[in-house]
Amino acid sequence: MAKISTVESNIVASFDKVRSDILLLNNEIRKVASDMELMKQELSRLYQNYSDMNAQVSSEARKDDSGAKVEGAKKLAELRQKIEQLKKERSKAQKSKVIVKKVSARAATKFVASKTGKKFHKPNCIFAKNIKPKSRVIYKTKDGALNAGYKACHCVLK
Ligand SMILES: [Zn+2]
C-alpha cells in the first residue's frame, strides 16, 4: 500500500504541478489576451488615424481639384479674351490692308474717263468722282487718254 501511496502522492504532486502550470499558462494567456486587447486598441487607434488622414487627404484633394478648376476656368477666360483680341487685331489689319489696296489703286489711277464722256480727269476731280464704276475707264498716262480720243479736263491742266 505504501508503494501505492507513494504513487498516489506522486500523482497528486504531478497534478499539483500540472495545475500550477495551467495556472501559469492561464496567467500567460490572460497576459497575452490583455496584450492582444492593447494591440487591438492600438490598431483601432491607428485605423482611426488612418481614416482621418484619408478623409483629410481626399478633402485636400477635392480642394485642390476645385482650385485647379477655378484656375483652369480663369486661364480659359484669358485665352478667350486673347483670341477675341487677336480677331479684332486681325480684322483691323484686314481693314487697313483693304484701305492700303484702295489707296494704292487710287495712286495707280492717274487719269479717269467715262465711257460715255468726252473728257478725262484726275481721280480727285469732282467729275471723276461722279463717274459710275461700270462706265469708268482708267489711263495710266495722259497720252493713253488722249490717244483714246478724250480731251483733258481743266483739272488735268492745273
Ligand atoms: Zn476734271
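Any read-out appearing in this document is the output of simple, stated calculations on the displayed coordinates, not a laboratory observation. Just so it is clear, the model here is predicted, and its values are computed rather than measured. Neighbour counts are summed over all protein chains in view; Cβ atoms, including those assigned to glycine, are modelled from backbone coordinates with ideal geometry.
Answer yes or no as to whether Phe120 is touching a residue at least 40 places away in the same chain (Cβ under 8 Å) and in contact with a helix residue (DSSP H, G or I) (Cβ under 7 Å, 6 or more places away or on another chain). Give the steps one after another, and end with the answer.
On the way: touching a residue at least 40 places away in the same chain (Cβ under 8 Å): no; in contact with a helix residue (DSSP H, G or I) (Cβ under 7 Å, 6 or more places away or on another chain): yes.
No.
Name the residues in the stretch 125-158 that are within 11 Å of the ligand (Cβ to nearest atom), of a type in the set (D, E, K, R) and within 60 Å of the chain's Cα centre (by Cα), would you?
The answer is Lys129, and nothing else.
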